1. About the Cα centre of region 2-129, how large is the charge dipole given +1 on each Lys and Arg Cβ and -1 on each Asp and Glu Cβ? Please answer in debye to the nearest 20.
2. Along the Cα-to-Cβ line of residue 79, 7 Å from the Cα, sits a label point; which residues in region 99-120 have backbone N less than 12 Å from it?
3. Just to confirm, what accessible area per residue do you get for the chain at 1.4 Å probe, in whole Å²?
4. Label points 7 Å out from Cα along the Cβ direction at residue 63 and residue 110: separation in nm?
5. Probe radius 1.4 Å, ligands and nucleic acids ignored: give me the carbon and sulfur share of the accessible area of the chain as a rounded percent.
6. Taking every alpha carbon pair in the chain, what does the distance histogram look like in 5 angstrom bins from 0, in percent?
7. Where Rh is the Kirkwood radius over the Cα pairs of region 80-136, the temperature 20 °C and the viscosity 1.002 mPa s, what D in µm²/s does Stokes-Einstein return?
8. Report, to the nearest 10°, how far helix 78-92 tilts away from the longest principal axis of the Cα atoms in the chain, using its own Cα long axis and a range of 0 to 90°.
Amino acid sequence: MLSDFRAYIQADSTLASTVGTINGGIKMFPHVARADTTMPFITYSTINESSTDTHDQDSSASALYQDVLQLEIFTKTFSEGKTIKDRLRALLSSANFTQGATHFGYVEWQGSQDFFNDENETFRHSISLEILWRNS
């Protein structure tokens, strides 16, 4: 699921031009970025996983999962982070799509927070998403 979710975001050319690319893809990393990565960049991680009962429990393909993901945007300016956050919101809020082997039935934007790091004068924008998905 995570690789398909990442691929969906990676396909957005507007986001790629805003965040920048590395090795042919948006600067987006699981958990932490590489030490030499320049801002802006995005990290993602699963903070909760669960499954939901469906009417057809005989097929593993019918299993419906409900995960909460956290995206973190790291930027040098607040406005840069807001631009990236707004684009992610437009791309993901109430989204229903199939990417690779995963059908994302619904993406709910649960909320976001903005933080400032005094030590290196950078910003972190944290986003929580609840995602209903199944294998397609």
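The values are calculated or read from the model by the stated rules, or taken from the named source; none is laboratory data. As the structure is a computational prediction, the values presented were derived from the model and not from experiment. Note that each Cβ is placed from the backbone with ideal geometry, even for glycine, and that neighbours are counted across all protein chains shown. When the accessible area is computed, the model is the full protein with side chains, heavy atoms only, and any ligands, DNA or RNA have been set aside. Shrake-Rupley method; radii C 1.70, N 1.55, O 1.52, S 1.80 Å.
1. For region 2-129, the charge dipole is close to 480 debye.
2. No residue qualifies, since no backbone N sits under 12 Å from the label point.
3. Dividing the accessible area of the chain by its residue count gives 55 Å².
4. According to this spin-label approximation, the distance is 2.1 nm.
5. Carbon plus sulfur share of accessible area: 46 percent.
6. 2, 10, 19, 23, 19, 12, 7, 4, 2, 1, 0
7. On the way: Rh = 12.8 Å.
Answer from the Stokes-Einstein relation: 168 µm²/s.
8. For 78-92 against the chain, the angle is about 20 degrees.
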